[in-house]
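To keep things clear, I will list the structure first and then write my remarks on it.
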Amino acid sequence: MDDLDRRLINRLQLGLPLVREPWQQIAQELHSRPCEVLDRLHDLLEDGVLTRFGPMFDIERLGGAFTLAALAVPEARFDAVAEQLNALPQVAHNYRRDHRWNMWFVLACATEAELAATLSRIEALTGLAVLNLPKEQTYHVGLYFPV
Amino acid sequence: MITPLSHEQMLDLRQCLESGLPIVARPYDDLAERIGAHHDQVLQQMQQWHDQGLFRRVGLVLNHRALGYVANAMLVLDVPDALVDEVGQRLGRAPGVNLCYQRPRRLPQWRYNLFCMVHGRERSAVEAQIQALLDQHMLSDLPYQLLFSTRAFKQCGGRFAPPPSQVWAHG
């Protein structure tokens, strides 16, 4: 990654203008050319530095049901339980955290009923009690990672 | 006056956008061709979705680990119910706090009701940042814990959109 890549990433985190030729404006701001910027973006996606580029639909406004949940998994079973969870299409993220509640995951489902069924399914599959922590209030959402 | 997209075309457009915006000079022309519409219709629809708050921006999802953001801390606090909105709003505005949510307590297993995500490149720096944040907001006396993530197993953001994950899917 060079300086142009970094400036491009930082700029695109703020959003692409909604116009027919958006890369003209981005290239101008970055003192580059549209084709150069497009090549860079393509490479960053290819290399896995970026995982997606596009509109970020607010899934909750589109309907659907979500929650953050945790399991306290015995150490010896940790990898096996991680595999069980990751095989479920409803599991969007899954992180290990250094805490007694050591497995933290986000469930994204189409309906509340599917969410409840998925939570029960996880308890049945793993034999562990799920700590279900759906959000009650959002105070701030604004991921920005200066690079 | 630009003719709005038909319902079918709208669904097709959403479908096309699941994998992201085409990385080409005129992405909306490309999309318009795929759904049998004019680029002005596609842009109008995008603007409308944006105005309705269905998406905040045409932006990107970083593989933040690949970029060195490997210290990802979830700060959880036990805030008295009467204060949680006020504290949540203050912490949510603080620099470095990427996400801030209220979640239910689950007593006796779980007492914490306010969740903040703080990402950084080094664990010690994130710890210092959080300590400074708590001191500054006079919250150091509240029960709290820091849960650092040590491994990410899955980060696909769900079937409806990207993450969080960040987003956008943060449960």
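Go through region A:99-147 and report how many residues are of a type in the set (D, E) and either part of a strand (DSSP E or B) or without any contact (Cβ under 8 Å) to a residue 40 or more places away in the chain (or both).
The total comes to 2.
Residue check: is B:V70 surrounded by fewer than 20 Cβ atoms within 10 Å (Cβ to Cβ), of a type in the set (V, I, T) and at pLDDT below 95?
Values: surrounded by fewer than 20 Cβ atoms within 10 Å (Cβ to Cβ): yes; of a type in the set (V, I, T): yes; at pLDDT below 95: yes.
Spelling it out, B:V70 is indeed surrounded by fewer than 20 Cβ atoms within 10 Å (Cβ to Cβ), of a type in the set (V, I, T) and at pLDDT below 95.
Does region B:76-86 contain any residue that is touching a strand residue (DSSP E or B) at 6+ places or on another chain (Cβ under 9 Å) and over 25 Å from B:L99 (Cβ atoms)?
no
With A:A108, A:A113, A:A92 as the choices, which residue is out of contact with any Phe, Trp or Tyr (no Cβ under 8 Å at 6 or more places or on another chain), assigned by TED's automatic domain parsing to the domain that holds A:A76 and hydrophobic (A, V, I, L, M, F, W, C)?
Going through A:A108, A:A113, A:A92 in turn, the sole match is A:A113.
Looking at (1) within 18 Å of the chain's Cα centre (by Cα); (2) of a type in the set (G, A, S); (3) surrounded by fewer than 20 Cβ atoms within 10 Å (Cβ to Cβ), can you tell me which one A:A113 breaks?
Exception for A:A113: condition (1).
Kindly indicate which of A:A70, A:A27 is assigned by TED's automatic domain parsing to the domain that holds A:A82 and either of a type in the set (A, V, I, L, M) or on the phi > 0 side of the Ramachandran plot (or both).
Answer to the check: A:A70.
Any residue at all in region B:95-107 that is more than 18 Å from the chain's Cα centre (by Cα), more than 21 Å from A:T138 (Cβ to Cβ) and not hydroxyl-bearing (S, T, Y)? So that I can check it myself, show each step before the final result.
Within region B:95-107, the first condition is being more than 18 Å from the chain's Cα centre (by Cα), and the residues that meet it are B:104-107.
Now narrow it down to the ones that are more than 21 Å from A:T138 (Cβ to Cβ): B:107.
Then keep just the ones that are not hydroxyl-bearing (S, T, Y); that gives B:107.
Yes, some residue in region B:95-107 is more than 18 Å from the chain's Cα centre (by Cα), more than 21 Å from A:T138 (Cβ to Cβ) and not hydroxyl-bearing (S, T, Y).
How many residues does region B:89-121 contain that are within 7 Å of another protein chain (Cβ to nearest Cβ) and aromatic (F, W, Y)?
2
Residue under question is B:V126, and the condition is that it be β-branched (V, I, T), in contact with a strand residue (DSSP E or B) (Cβ under 6 Å, 6 or more places away or on another chain), surrounded by 13 or more Cβ atoms within 10 Å (Cβ to Cβ) and in a strand (DSSP E or B); does it hold?
Against the criterion (β-branched (V, I, T), in contact with a strand residue (DSSP E or B) (Cβ under 6 Å, 6 or more places away or on another chain), surrounded by 13 or more Cβ atoms within 10 Å (Cβ to Cβ) and in a strand (DSSP E or B)), B:V126 does not qualify.
The conditions are (1) surrounded by fewer than 16 Cβ atoms within 10 Å (Cβ to Cβ); (2) touching a strand residue (DSSP E or B) at 6+ places or on another chain (Cβ under 7 Å), and B:R111 fails exactly one of them. Which is it?
Checking B:R111 against (1) surrounded by fewer than 16 Cβ atoms within 10 Å (Cβ to Cβ); (2) touching a strand residue (DSSP E or B) at 6+ places or on another chain (Cβ under 7 Å), the one that fails is (2).
Quick check on B:V58: is it in a strand (DSSP E or B), free of Cβ contacts under 8 Å to residues at least 60 places away in the same chain, of a type in the set (V, I, T) and at the interface with another protein chain (Cβ under 9 Å from one of its Cβ atoms)?
In short, yes.
With the structure loaded, tell me whether B:M138 is in contact (Cβ under 8 Å) with a residue 12 or more places away in the chain and aliphatic (A, V, I, L, M) or whether it fails that test.
Working: in contact (Cβ under 8 Å) with a residue 12 or more places away in the chain: no; aliphatic (A, V, I, L, M): yes.
The answer is no for B:M138.
In region B:146-171, which residue that is assigned to a strand (DSSP E or B) and either more than 7 Å from chain A (Cβ to nearest Cβ) or buried (at least 16 other Cβ atoms within 10 Å of the Cβ) (or both) is modelled with the lowest pLDDT?
It comes out as B:Q155.
In this structure, does B:D40 turn out to be surrounded by fewer than 19 Cβ atoms within 10 Å (Cβ to Cβ) and either within 7 Å of chain A (Cβ to nearest Cβ) or at pLDDT 95 or above (or both)?
Yes; evaluated as a whole, the condition is true for this residue.
Tell me, please, whether a residue that is under 20 Å from the mean Cα position of the chain (by Cα) and closer than 14 Å to B:R151 by Cα can be found in region A:64-84.
Scanning region A:64-84 turns up at least one residue that is under 20 Å from the mean Cα position of the chain (by Cα) and closer than 14 Å to B:R151 by Cα.
The values are calculated or read from the model by the stated rules, or taken from the named source; none is laboratory data. Because the structure is a prediction, the values reported are computed rather than measured. Note that each Cβ is placed from the backbone with ideal geometry, even for glycine, and that neighbours are counted across all protein chains shown.
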